[in-house]
Amino acid sequence: MACLLEAPLRISVLSEVTASSRHYVDRLFDPDPHKVLQGVIDMKNAVIGNNKQKANLIVLGAVPRLLYLLQQECSTSELRTECAVVLGSLAMGTENNIKSLVDCHIIPALLQGLLSQDLKFIEACLRCLRTVFISPITPVQLLYTDAAVIPHLMCLLSRSQRTQEYICQIFSHCCKTSEHQTILYNHGAIQNIAHLLNSSSYKVQMQALKFFSVLAYENPQVSITLANVLVDGELLSQVFVRMMQRDKSIEMQLTAAKCLTYMCRAGAFRTTFNCIVLKTLPCLVRMCNKDRLLEERVEGAETLAYLIELDVELQRTASITDHLIAMLADYFKYPSSVSAITDIKRLDHDLKHAHELRQAAFKLYASLGANDEDIRKKIIEAENMMDRIVSGLSESSIKVRLAAVRCLHSLSRSVQQLRTSFQDHAVWKPLMKLLQNAPEEVLVMASSTLCNLLLEFSPSKEPILESGAIELLCNLTQSESPALRVNGIWALMNMAFQAEQKTKMDILRALSTEQLFRLLSDPDVNVLMKTLGLLRNLLSTRPHIDQIMTSHGKQIVQAVTLILEGEHNIEVKEQTLCILANIADGTTAKDLIMMNDDILQKVKYYMGHSNVKLQIAATFCISNLIWNEEEGQRDATFSIHSLQDNQTRHELGEFCELSLTVGGRNSCLLLLIGTFTGQKTLTER
């Protein structure tokens, strides 16, 4: 019986709710224009701060009617303005509200309204557009559909401080790609907005500043232009420096620091400039202080991480500024004390967003430890650091997991830490688990880290191998992502270095010769180089060389031939010749070269090549072909006369003389000491 009564009860409640809102919509259709205006004003007052009322009015069809009134030329300016205000209020509700408004084509209607001469109506339209475009679900491309919109918005900048504020804010939120940056740049955004940084309105200043931070991000053309712009006779970079002074608001300091950070990373000026070392970096470190709000600490740490990411001197400077490494440890204990926070709403917000602090801390630790061993040691020694990284690898937030693995990757470049802290905390276990099922961005960083854990001196190499890593890495080499293919083959290359014969055969078996040769024809040169590196490491140690070439010799020689004949760069061909040199070091494997006139001719050709690296590599190939430990001084004669073709024997005999001429004295010296053949050196990721 309860189930039978429940449905009518819900219908009754819904009817009461919609009935209470119906009269607002009905009044929009009144034939008396004055009553329509009053109805719109009453609707405006009813929806302020009331999301339920907003949703009801949207469901009841208020939006199409408001847009109709807004676009009618017979409507008074006051009515059109009030309609725009109500629409703006509806846009401040939920994302569903925004979607409904966009689906009703609110953006074209408001953009059309900007052609009016009435300033109040223009401001109301801009304010509504600003609110709609702030939403992440709004397709920003709608701003660029009509080529006349951006130039018209530039013209409206001079109308009032409100138009300046709203337009800058719209531009900031609609500048998502390099294409958007170019469009705004080409329409004079820098010249039209730069002077607003000296506006008497704080809101205008801030929106202009935020716009420049978005416009300059990863854009060299914009950044270099900004570096040379004068604002009232002062360089724009100096304006930004002035805005970072401690007497300015935190919001302004932080945004100005972002502008200079992005300009620096885009190449507008060197990292050694005073405005970066003495102003921007210290400002961003200040933002990481525990006295700052959560959002400020997050933005400060992430911006600082981006600033120092590629520059070792900035990393060293940052690491000793205001005890930054210890300061970041507090990010994992936030909020530190419930009793210290009197604002319950703020506490609830901070508890929900504390993961953003952990993400920011991991990012900054990753940048700090990217190059310097002493900094890595200090990071590792921070309170419970390795435990925090391990925990971060399994957090529910994908962004925290990505930041944690980035941090782990940075620290994994340390030989000492690989042998100590990484082993003590068995970080390979959560890393392998992460590689089982993760988004591509996480997989790329996790597999890069695994490459370092598989270096020959890493104690983690053996347990990783035993945990089934070969199969996992071979699967990565089949990915559509070039980055994952590179990391998969790179890790296998490191795994094969000085490996036992069983491990090498397991790699070949799991990878399959078909996949190996697909990788040798991969369009990404990095994949090709690492595959050649894997082959070089597999074909090392004479018994291993002979066994592998017995099983796969014809295919390998064929692949080598194709690469030497193809249009490849010097590095690829050098690596290929090194593989030939390794094959030539085999006892039986060298016969595959000695009996292949085509290969011998190619080796001869590269001994006479203009590039010294190729000369040396070819010379070592010949050195290994004619070397025979058991035959001693008769090895050259034995090897040469083992050839069936007289002409080829003659040409091969000339190689020793060629090595003295085309290779030069350095080549001969290397030939004698035999350091060039053998395994490929491992490389960290």
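The values are calculated or read from the model by the stated rules, or taken from the named source; none is laboratory data. The structure presented is a predicted model; accordingly, all values stated were derived computationally and were not measured. Cβ atoms come from the backbone with ideal geometry, glycine included; neighbour counts cover every protein chain shown. These accessible areas exclude ligands, DNA and RNA; they are computed on the full protein's heavy atoms, side chains included. Shrake-Rupley method; radii C 1.70, N 1.55, O 1.52, S 1.80 Å.
Report the full-extension gain for the segment Q141 to Y202: residue separation times 0.36 nm, less the Cα-Cα distance, to one decimal in nm. Can you show the working numbers first?
Details: separation 61, 0.36 × 61 = 21.96 nm, distance 2.88 nm.
This chain segment gains 19.1 nm when fully extended.
Under 16 Å from the Cα of K333, which lysines turn up, not counting those fewer than eight places away in the same chain?
Answer for K333, where 16 Å is the Cα cut-off: K290, K352, listed by chain and number.
What does the highest-first list of 427-435, 131-139 look like by mean Cβ count within 10 Å?
Result, highest mean first: 427-435, 131-139.
If contacts are Cα pairs under 8 angstrom and at least 6 residues apart, what is the relative contact order of the chain in percent?
On the way: 892 pairs, mean separation 37.4, N = 685.
Contact order relative to length: 5 percent.
Normalising by the residue count of segment 467-593, find the relative contact order in percent from Cα pairs under 8 Å and 6+ residues apart.
Numbers: 134 pairs, mean separation 29.0, N = 127.
Here the relative contact order equals 23 percent.
Report, to the nearest 10°, how far helix 570-584 tilts away from the longest principal axis of the Cα atoms in the chain, using its own Cα long axis and a range of 0 to 90°.
40 degrees
Kindly state, as a whole number, the per residue volume in cubic angstrom of the convex hull around the alpha carbon atoms of segment 82-144. Spell out each step's value before the answer.
Details: hull volume 4.4 nm³, N = 63.
Cα-based convex hull of segment 82-144, divided per residue, equals 70 Å³.
Short version: what are the Cα gyration tensor semi-axes of segment 190-232, square root of 5 times each eigenvalue, largest first, in whole Å? Provide the component values of the computation, followed by the final result.
Details: eigenvalues 70, 30, 7 Å².
Each semi-axis is the square root of five times an eigenvalue, giving 19, 12, 6 Å.
Can you list the residues, at least 5 places off or on another chain, whose amide H is less than 5 Å from the amide H of V231, using H built in the peptide plane?
Counting only residues 5 or more places away or on other chains, the set is L236.
In terms of solvent-accessible area of protein heavy atoms at a 1.4 angstrom probe, what is the ranking of H34, H552, H180, highest value first?
On the way: H34 145, H552 35, H180 5 Å².
From most exposed to least exposed: H34, H552, H180.
Could you do me a favour and compute the accessible area per residue for segment 545-607, 1.4 Å probe, result in Å²? Could the numbers behind the result be given before it?
Numbers: 2570 Å² over 63 residues.
I get 41 Å² per residue for segment 545-607.
Quick one: divide the alpha-carbon radius of gyration of the chain by 2.2 N^0.38 Å and tell me what you get.
Normalised by 2.2 N^0.38 Å, the Cα Rg of the chain equals 1.29.
What translational diffusion coefficient, to the nearest whole µm²/s, does segment 420-539 have by Stokes-Einstein, given a Kirkwood radius computed over alpha-carbon pairs, a temperature of 37 °C and 0.692 mPa s viscosity? Intermediate values should be presented prior to the final figure.
On the way: Rh = 14.1 Å.
The estimated diffusion coefficient comes to 232 µm²/s.
Taking Cα atoms, how many degrees apart are the long axis of helix 33-47 and the longest axis of the chain, rounded to 10 and kept between 0 and 90?
50 degrees
Just to verify a number: FRET efficiency for N96 and H353, C-beta to C-beta distance, R0 = 25 Å, to 0.05?
Details: r = 23 Å, r/R0 = 0.93.
E(calc), rounded to 0.05, equals 0.60.
Would you mind working out the accessible area per residue for segment 64-218, using a 1.4 Å probe, and quoting it in Å²?
42 Å²
Calculate the tail of P(r) for segment 473-588: the fraction of all Cα-Cα distances greater than 20 Å, expressed in %. Write out the running numbers ahead of the final one.
Working: 2277 of 6670 pairs.
Percent of Cα pairs beyond 20 Å in segment 473-588: 34.
Which one, S319, F211, N582, projects farthest toward the positive side of the charge dipole computed for the chain from Cβ point charges (K/R +1, D/E -1)?
Of S319, F211, N582, it is F211.
By per-residue mean of other Cβ atoms within 10 Å, what is the highest-first order of 482-495, 257-270, 106-119? All intermediate terms of the calculation are to be shown ahead of the outcome.
On the way: 482-495: 25.5, 257-270: 22.8, 106-119: 17.2.
Ranked by mean Cβ neighbours within 10 Å, highest first: 482-495, 257-270, 106-119.
Please give the peptides 217-226, 20-29 ranked by average Cβ packing (other Cβ atoms within 10 Å per residue), highest first, as a rough proxy for protection. Can you show the working numbers first?
On the way: 217-226: 18.8, 20-29: 16.0.
Ranked by mean Cβ neighbours within 10 Å, highest first: 217-226, 20-29.
Mind listing the phi-derived Karplus ³J(HN,Hα) values for segment 606-620, rounded to whole Hz, using 6.51, -1.76 and 1.60 with θ = phi - 60°, and x for any glycine or proline?
6, 5, x, 6, 6, 8, 5, 4, 6, 4, 5, 4, 5, 4, 5
Normalised radius of gyration for segment 381-485, please: alpha carbon Rg relative to 2.2 N^0.38 Å, two decimal places. Show your work: numbers first, answer last.
Values: Rg = 12.9 Å, N = 105, 2.2 N^0.38 = 12.9 Å.
For segment 381-485, the normalised Cα radius of gyration comes out at 1.00.
Could you derive backbone 3J(HN,Hα) for segment 359-372 from the dihedral phi with the Karplus parameters 6.51, -1.76 and 1.60 (θ = phi - 60°), listing whole Hz in sequence and x where the residue is Gly or Pro?
4, 5, 5, 4, 4, 5, 4, 4, 5, 4, x, 5, 9, 9
Which value in deg cm²/dmol, rounded to the nearest 500, describes the helix-derived mean residue ellipticity at 222 nm for the chain, given -39,500 (n - 2.57) per DSSP H run of n ≥ 4 and division by the residue count? Mind dumping the intermediate values first?
Working: 42 runs with 476 residues, N = 685.
Using -39500 (n - 2.57) per qualifying helix, the result is -21000 deg cm²/dmol.
Give a residue-ordered list of calculated ³J(HN,Hα) values for segment 409-424 (Karplus: 6.51 cos²θ - 1.76 cosθ + 1.60, θ = phi - 60°; whole Hz; x for Gly, Pro).
4, 4, 6, 6, 7, 9, 4, 4, 5, 4, 7, 10, 4, 5, 6, 4
For Y68, what accessible area in Å² do you get when you roll a 1.4 Å probe over the heavy atoms of the protein chains, rounding to the nearest 10?
Its heavy atoms expose roughly 110 Å² to the probe.
From largest accessible area down, sort K613, K590; use a 1.4 Å probe on the protein chains.
Values: K613 105, K590 30 Å².
Result, largest first: K613, K590.
What length, rounded to one decimal in nm, is gained on full extension from Q161 through to F457, with 0.36 nm per residue of separation minus their alpha-carbon distance? Walk me through the numbers before you get to the answer.
Numbers: separation 296, 0.36 × 296 = 106.56 nm, distance 6.37 nm.
Taking Q161 through F457 to full extension adds about 100.2 nm, to one decimal.
How would segment 218-313 be classified by its alpha-carbon gyration tensor: rounded, prolate or oblate, with rounded meaning a/c under 1.5 and the a/b versus b/c comparison settling the rest? Don't skip to the answer; put the middle values down first.
Details: a/c = 1.97, a/b = 1.31, b/c = 1.50.
Note, shape of segment 218-313 comes out oblate.
What is the gain in length, in nm to one decimal, between E383 and E179 on full extension, counting 0.36 nm per residue of separation less the C-alpha to C-alpha distance? The partial results should precede the final answer.
Working: separation 204, 0.36 × 204 = 73.44 nm, distance 4.45 nm.
Contour length minus the Cα-Cα distance gives 69.0 nm.
Once the Cα atoms of helix 501-511 and of the chain are each reduced to a long axis, what angle between those two axes, in degrees from 0 to 90 to the nearest 10, is obtained?
50 degrees
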